[in-house]
Amino acid sequence: MKLLLKILLPIVVVLAGVAVFFMLSSTRKQPRTRPPVRELLAIRALKLEARDLRVSISSQGTIRPRTESTLVPQVSGVITWVSDSWASGGFFAKDETLLKVDPSDYELSLAKAEASVAQADLRLAREEQEADVARKEWESLLKIDPTMERKASPLLLREPQVAEARAALNAARAGLAKARLDISRTEIRAAFDGRIRETFADVGQFVNQGTPAARVYSVDFAEVRLPINDSDLSFINLPLAYRNDASPETQPLPEVLLYARFGGKELEPWKGRIVRTEGAIDPQSRMVHAVAQVPDPYARSNPQRPPLAVGLFVKAEISGRTFRNIAVLPRKAVRENGLVLVAEKTDQGEHRLISRKAAVIRLKGDEAIINLGASEVAAGDLICISTVEVFREKMAVTLDASGETE
């Protein structure tokens, strides 16, 4: 009996477990199934807008004067007087006397030259009178003796003596003019409205002829030398033509705005123009240097405005050419080889990405400027401006709910 129980009990337990399993399986609820959901990449897109755009080129430089020269005395002597402006930074007007050299020696030379002229004049008058007498005597001798030689020698008629006396008078007059010129040169006058950069001599100092006395510059115009990259030359019209190939009226003179800080504040921009380019391309940087000119840099017409002083560092914006049918995109929207991704709408209302060629004419900062006329995209197209790491042609996408444009 015990043996039978040991055999049947495990079988009963197993059968009971199977019965419970089938009972539970028949009463459980079947799980609800869902259709698979397709996850689409969400992108942001920018609608292309065609417009006209005037390009500007950025550069920088340091203000310098248009005209700068060295004042050099043309006579030697002791400086007896200087102008109140005779100091570094002093302003002066055109024809203003800046410096005087002691004229005493030159006044004495003038008196001697006047005496020399008087003596030479008297000598010439004497020689001319004696030549007249000699000619009359020769004519009288011809009447007495017709057999005489009809042509008298120049020496007999005192022609060489008269010519020598006349030459001596001209030399004396030249000496007189030189003496007067030396006296006028004892005063140094300004050739233009300007400012003194540096002085090398002062009152009581002896200066030699040809020794620099000061360095000065004009204040009618200021100039700035602006380097321009070779890649930017196609965006501006520089005055590059030979002087006989274009008249001043037809030569392009691009406008320039100069920005500077003075006294810790940003100044109102100064307006100028590109007036020329330098004679050679920089062999080191391969840049072209254009020269911009600004009138009235010391704002004489507006005393309240800070000056555009020599040596001031400025940033420049050069007005360039105007391009038609242009669109501006974020630089990150342009992929390698100038491709952009266009979000094209399908008939089912979905969007898919397709690549198109864009004619990029300039990359500046975070912007890319494209020419729609030479591109495979047009105004109104939606351009993907999100980063798409893995791109597949005609891949389905969805537009960011935050908006189609930004």
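No lab work stands behind these numbers, since they all come straight from the coordinates. All figures in this text were calculated on a predicted structure; none of them were measured in a lab. No Cβ is skipped: glycine too gets one built from the backbone with ideal geometry, and neighbour counts run over all protein chains shown.
When the charge dipole of the chain is built from unit charges on Cβ atoms (+1 for Lys and Arg, -1 for Asp and Glu) and taken about the Cα centre, the candidate among 40, 308, 294 whose Cα reaches farthest toward its positive end is 40. In terms of surrounding Cβ atoms within a 10 Å radius of their Cβ, 138, 86 rank from fewest to most as 138, 86. Of the labelled figures [x] 1.47; [y] 1.51; [z] 1.42, only one reflects Rg/Rh (Cα atoms, Kirkwood Rh) as derived from the coordinates, namely [y]. Annotation: peptides 390-399, 212-221, ranked by per-residue average of other Cβ atoms within 10 Å with the highest first, follow the order 212-221, 390-399. Name the most mobile residue of 275, 78, 55, meaning the one with the largest mean-square fluctuation, in a Gaussian network model of the chain with Cα contacts below 10 Å. The residue that fluctuates most here is 78. A simple rule links phi to the HN-Hα coupling: the Karplus curve 6.51 cos²θ - 1.76 cosθ + 1.60 with θ = phi - 60°, which for the range 233-238 gives 5, 6, 9, 10, 9, 8 Hz, with x for Gly and Pro. Stretched out straight at 0.36 nm per residue, the stretch from residue 126 to residue 15 would grow longer than its current Cα-Cα span by 22.9 nm.
From the Cα gyration tensor of the range 267-307, with a ≥ b ≥ c the square roots of its eigenvalues, which class applies: rounded if a/c is under 1.5, or else prolate if a/b is larger than b/c, or else oblate? Taking the square roots of the gyration eigenvalues as a ≥ b ≥ c, the range 267-307 is prolate. 3J(HN,Hα) along the range 119-136: 5, 5, 5, 5, 4, 5, 4, 4, 5, 5, 5, 5, 5, 5, 5, 5, 5, 5 Hz, from the Karplus curve 6.51 cos²θ - 1.76 cosθ + 1.60 with θ = phi - 60°, whole Hz, x for Gly and Pro.
Considering only 139, 268, 317, the mean-square fluctuation computed in a Gaussian network model of the chain, springs between alpha carbons under 10 angstrom, is largest for 139. Going by a ≥ b ≥ c, the root eigenvalues of the Cα gyration tensor, does the range 119-186 fall in the rounded group (a/c under 1.5), the prolate group (a/b larger than b/c) or the oblate group? Because a/c hits 1.5 or more and a/b exceeds b/c, the range 119-186 counts as prolate.
Rank 44, 225, 273 by mean-square fluctuation in a GNM of the chain with C-alpha springs under 10 angstrom and give only the top-ranked residue. Evaluated over the chain, the most mobile residue of the options is 44.
Taking a sphere under 14 Å around the Cβ of residue 179 and counting the other residues whose Cβ falls inside, with K and R at +1 and D and E at -1, yields a net charge of +1.
Going from the residue with the fewest nearby Cβ atoms within 10 Å to the one with the most, 137, 39 rank 39, 137. Distance from the Cα centroid of the range 184-213 to that of the range 308-344 is 51 Å (rounded to whole angstrom). The tail of the calculated P(r) for the range 63-150 beyond 21 Å holds 65 percent of all Cα-Cα pairs.
In plain terms, the bigger the Kirkwood radius, the slower the diffusion; for the range 253-406, with that radius from Cα pairs, at 25 °C and 0.890 mPa s, Stokes-Einstein puts D at 124 µm²/s. Counting beta carbons within 10 Å around each of 81, 270 and listing the fewest first gives the order 81, 270. Straight-line cross-link reach from residue 47 at under 29 Å between alpha-carbon atoms covers these lysines, not counting any fewer than eight positions away in the same chain: 332, 345, 357, 364, 394.
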